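Novice: Below: one structure in C-alpha coordinates.
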Amino acid sequence: MTDRTQNAVSCFSEGFSCSQAVLSAYSDLFNLDRNTALKISQPFGGGIAHQGETCGAVSGAFLVIGLKFGRTQVKDLEAREKTYEKILDFIDQFSSKNGSTVCKELLGYDMSTPEGFQKAKDAGLFENFFPKLIKSS
(Lines give C-alpha, C1' and ligand atoms only; values in the text may rest on other atoms or scores of the structure.)
Protein backbone atom coordinates (compact mmCIF):
# COMPACT_ATOMS: atom_id res chain seq x y z
CA MET A 1 0.00 0.00 0.00
CA THR A 2 1.37 3.42 -0.94
CA ASP A 3 1.77 6.20 1.60
CA ARG A 4 -1.06 8.13 -0.04
CA THR A 5 -3.37 5.12 0.11
CA GLN A 6 -2.47 4.61 3.77
CA ASN A 7 -3.10 8.31 4.42
CA ALA A 8 -6.53 8.01 2.79
CA VAL A 9 -7.44 4.95 4.86
CA SER A 10 -6.20 6.68 8.03
CA CYS A 11 -8.25 9.77 7.23
CA PHE A 12 -11.35 7.61 6.82
CA SER A 13 -10.55 5.86 10.11
CA GLU A 14 -10.50 9.28 11.80
CA GLY A 15 -14.17 9.66 10.84
CA PHE A 16 -14.03 11.51 7.55
CA SER A 17 -15.93 10.28 4.48
CA CYS A 18 -14.48 8.28 1.60
CA SER A 19 -14.48 11.33 -0.67
CA GLN A 20 -12.65 13.39 1.94
CA ALA A 21 -10.14 10.62 2.55
CA VAL A 22 -9.24 10.28 -1.13
CA LEU A 23 -8.96 13.98 -1.99
CA SER A 24 -7.09 14.93 1.17
CA ALA A 25 -4.49 12.21 0.55
CA TYR A 26 -3.55 13.90 -2.75
CA SER A 27 -4.28 17.54 -1.98
CA ASP A 28 -0.67 18.52 -1.37
CA LEU A 29 0.17 17.64 -4.99
CA PHE A 30 -2.08 20.50 -6.08
CA ASN A 31 -1.11 23.07 -3.42
CA LEU A 32 -4.45 22.48 -1.74
CA ASP A 33 -4.32 22.50 2.04
CA ARG A 34 -5.91 19.58 3.87
CA ASN A 35 -8.72 21.63 5.44
CA THR A 36 -9.79 23.02 2.07
CA ALA A 37 -9.66 19.53 0.54
CA LEU A 38 -11.81 18.20 3.37
CA LYS A 39 -14.37 20.98 2.90
CA ILE A 40 -14.54 20.65 -0.89
CA SER A 41 -15.01 16.89 -0.83
CA GLN A 42 -17.34 16.61 2.17
CA PRO A 43 -20.66 16.85 0.22
CA PHE A 44 -19.81 13.73 -1.80
CA GLY A 45 -19.73 11.36 1.19
CA GLY A 46 -22.26 8.56 1.40
CA GLY A 47 -22.86 8.58 -2.32
CA ILE A 48 -23.46 12.35 -2.41
CA ALA A 49 -24.95 13.54 0.87
CA HIS A 50 -25.88 10.00 1.99
CA GLN A 51 -28.08 9.44 -1.07
CA GLY A 52 -26.29 6.23 -2.09
CA GLU A 53 -25.47 7.52 -5.56
CA THR A 54 -21.89 7.80 -6.87
CA CYS A 55 -19.51 6.28 -4.33
CA GLY A 56 -17.63 8.87 -2.28
CA ALA A 57 -14.29 7.22 -3.02
CA VAL A 58 -15.10 7.55 -6.72
CA SER A 59 -16.11 11.20 -6.32
CA GLY A 60 -12.88 11.89 -4.45
CA ALA A 61 -10.90 10.29 -7.25
CA PHE A 62 -12.83 12.37 -9.81
CA LEU A 63 -11.77 15.50 -7.94
CA VAL A 64 -8.13 14.38 -7.98
CA ILE A 65 -8.32 13.63 -11.72
CA GLY A 66 -9.92 17.01 -12.34
CA LEU A 67 -7.19 18.77 -10.41
CA LYS A 68 -4.52 16.94 -12.38
CA PHE A 69 -5.94 17.07 -15.90
CA GLY A 70 -8.88 19.52 -15.90
CA ARG A 71 -8.99 22.45 -18.24
CA THR A 72 -8.61 26.03 -17.11
CA GLN A 73 -9.15 27.66 -20.49
CA VAL A 74 -12.45 27.38 -22.37
CA LYS A 75 -10.69 26.67 -25.64
CA ASP A 76 -8.53 23.88 -24.20
CA LEU A 77 -10.64 21.06 -25.60
CA GLU A 78 -7.69 18.69 -25.46
CA ALA A 79 -7.53 18.99 -21.66
CA ARG A 80 -11.29 18.50 -21.42
CA GLU A 81 -11.17 15.35 -23.51
CA LYS A 82 -8.14 14.00 -21.65
CA THR A 83 -9.94 14.57 -18.34
CA TYR A 84 -13.02 12.72 -19.57
CA GLU A 85 -10.84 9.91 -20.90
CA LYS A 86 -9.11 9.56 -17.52
CA ILE A 87 -12.47 9.58 -15.72
CA LEU A 88 -13.88 6.89 -18.01
CA ASP A 89 -10.74 4.76 -17.56
CA PHE A 90 -11.05 5.14 -13.79
CA ILE A 91 -14.74 4.16 -13.88
CA ASP A 92 -13.88 1.04 -15.89
CA GLN A 93 -11.10 0.03 -13.50
CA PHE A 94 -13.08 0.73 -10.34
CA SER A 95 -16.16 -1.07 -11.67
CA SER A 96 -14.07 -4.06 -12.72
CA LYS A 97 -12.63 -4.36 -9.22
CA ASN A 98 -15.80 -3.59 -7.27
CA GLY A 99 -18.78 -4.27 -9.53
CA SER A 100 -20.19 -0.74 -9.62
CA THR A 101 -19.51 2.92 -8.86
CA VAL A 102 -22.89 3.38 -7.15
CA CYS A 103 -22.70 3.46 -3.35
CA LYS A 104 -25.93 1.57 -2.57
CA GLU A 105 -25.07 -1.12 -5.13
CA LEU A 106 -21.57 -1.52 -3.71
CA LEU A 107 -22.74 -1.68 -0.11
CA GLY A 108 -26.02 -3.52 -0.45
CA TYR A 109 -27.57 -1.00 1.94
CA ASP A 110 -29.42 2.25 1.39
CA MET A 111 -27.34 4.83 3.24
CA SER A 112 -30.02 7.49 2.74
CA THR A 113 -32.10 5.99 5.55
CA PRO A 114 -31.12 5.78 9.21
CA GLU A 115 -31.97 2.06 9.12
CA GLY A 116 -29.74 1.40 6.10
CA PHE A 117 -26.90 3.40 7.61
CA GLN A 118 -27.18 1.44 10.86
CA LYS A 119 -27.30 -1.90 9.02
CA ALA A 120 -24.13 -0.99 7.12
CA LYS A 121 -22.49 -0.02 10.40
CA ASP A 122 -23.63 -3.21 12.12
CA ALA A 123 -22.34 -5.29 9.19
CA GLY A 124 -18.84 -3.87 9.78
CA LEU A 125 -18.65 -2.10 6.43
CA PHE A 126 -16.99 0.97 7.93
CA GLU A 127 -14.12 -1.09 9.29
CA ASN A 128 -13.78 -3.64 6.49
CA PHE A 129 -15.44 -2.71 3.21
CA PHE A 130 -15.02 1.05 2.97
CA PRO A 131 -11.22 0.87 3.25
CA LYS A 132 -11.23 -1.58 0.33
CA LEU A 133 -13.11 0.95 -1.80
CA ILE A 134 -10.74 3.72 -0.77
CA LYS A 135 -7.73 1.57 -1.66
CA SER A 136 -9.13 0.89 -5.13
CA SER A 137 -9.64 4.61 -5.83
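Novice: What residue, among those in segment 105-132 that are open to solvent by less than 70 Å² (accessible area, probe 1.4 Å) and of a type in the set (S, T, N, Q), is farthest from G56 (Cα to Cα)?
Specialist: This residue is T113.
Novice: Answer with yes or no whether V102 is under 13 Å from the mean Cα position of the chain (by Cα), touching a residue at least 40 places away in the same chain (Cβ under 8 Å) and closer than 21 Å to E127 by Cβ.
Specialist: Details: under 13 Å from the mean Cα position of the chain (by Cα): yes; touching a residue at least 40 places away in the same chain (Cβ under 8 Å): yes; closer than 21 Å to E127 by Cβ: no.
Answer is no for this residue.
Novice: Restricting to segment 48-75, give me the number of residues that are crowded, with 16+ Cβ neighbours inside 10 Å, under 16 Å from S100 (Cβ atoms) and either over 9 Å from the mean Cα position of the chain (by Cα) or modelled with pLDDT under 95 (or both).
Specialist: Counting residues in segment 48-75 that are crowded, with 16+ Cβ neighbours inside 10 Å, under 16 Å from S100 (Cβ atoms) and either over 9 Å from the mean Cα position of the chain (by Cα) or modelled with pLDDT under 95 (or both) gives 3.
Novice: Only one residue in S27, S19 is among the polar types (S, T, N, Q), under 11 Å from the mean Cα position of the chain (by Cα), under 23 Å from F126 (Cβ atoms) and buried (at least 21 other Cβ atoms within 10 Å of the Cβ), so which one is that? Walk me through how you get there before you give the answer.
Specialist: On the way: S27 fails: under 11 Å from the mean Cα position of the chain (by Cα).
Result of the check over S27, S19: S19.
Novice: Continuing with this model, one more query. Find the residue count for segment 76-91, including only residues that are aromatic (F, W, Y) and either open to solvent by 30 Å² or more (accessible area, probe 1.4 Å) or in contact with a Phe, Trp or Tyr (Cβ under 7 Å, 6 or more places away or on another chain) (or both). Talk me through it step by step, then tell me what you get.
Specialist: The initial filter retains those residues of segment 76-91 that are aromatic (F, W, Y), namely 84, 90.
Checking which are either open to solvent by 30 Å² or more (accessible area, probe 1.4 Å) or in contact with a Phe, Trp or Tyr (Cβ under 7 Å, 6 or more places away or on another chain) (or both) leaves us with 84.
Counting residues in segment 76-91 that are aromatic (F, W, Y) and either open to solvent by 30 Å² or more (accessible area, probe 1.4 Å) or in contact with a Phe, Trp or Tyr (Cβ under 7 Å, 6 or more places away or on another chain) (or both) gives 1.
Novice: Okay, moving on. Please find, among S136, S95, the residue that is touching a residue at least 24 places away in the same chain (Cβ under 8 Å), open to solvent by less than 70 Å² (accessible area, probe 1.4 Å), closer than 17 Å to C18 by Cα and of a type in the set (S, T, N, Q). Step through it out loud before you land on a result.
Specialist: Details: S95 fails: touching a residue at least 24 places away in the same chain (Cβ under 8 Å).
Testing whether each residue is touching a residue at least 24 places away in the same chain (Cβ under 8 Å), open to solvent by less than 70 Å² (accessible area, probe 1.4 Å), closer than 17 Å to C18 by Cα and of a type in the set (S, T, N, Q) leaves just S136.
Novice: Quick one: which helices (runs of 4 or more DSSP H) lie wholly within segment 38-134 and hold at least 1 residues that are small (G, A, S) and farther than 25 Å from S27 by Cβ?
Specialist: Numbers: elements: 45-48, 56-69, 77-98, 103-107, 114-122.
Hits in segment 38-134: 77-98, 114-122.
The values are calculated or read from the model by the stated rules, or taken from the named source; none is laboratory data. In this text, all values refer to a predicted model and were calculated from it rather than measured experimentally. Every residue, glycine as well, gets a Cβ built from its backbone with ideal geometry; the counts of neighbours run over all protein chains shown. When the accessible area is computed, the model is the full protein with side chains, heavy atoms only, and any ligands, DNA or RNA have been set aside. Shrake-Rupley method; radii C 1.70, N 1.55, O 1.52, S 1.80 Å.
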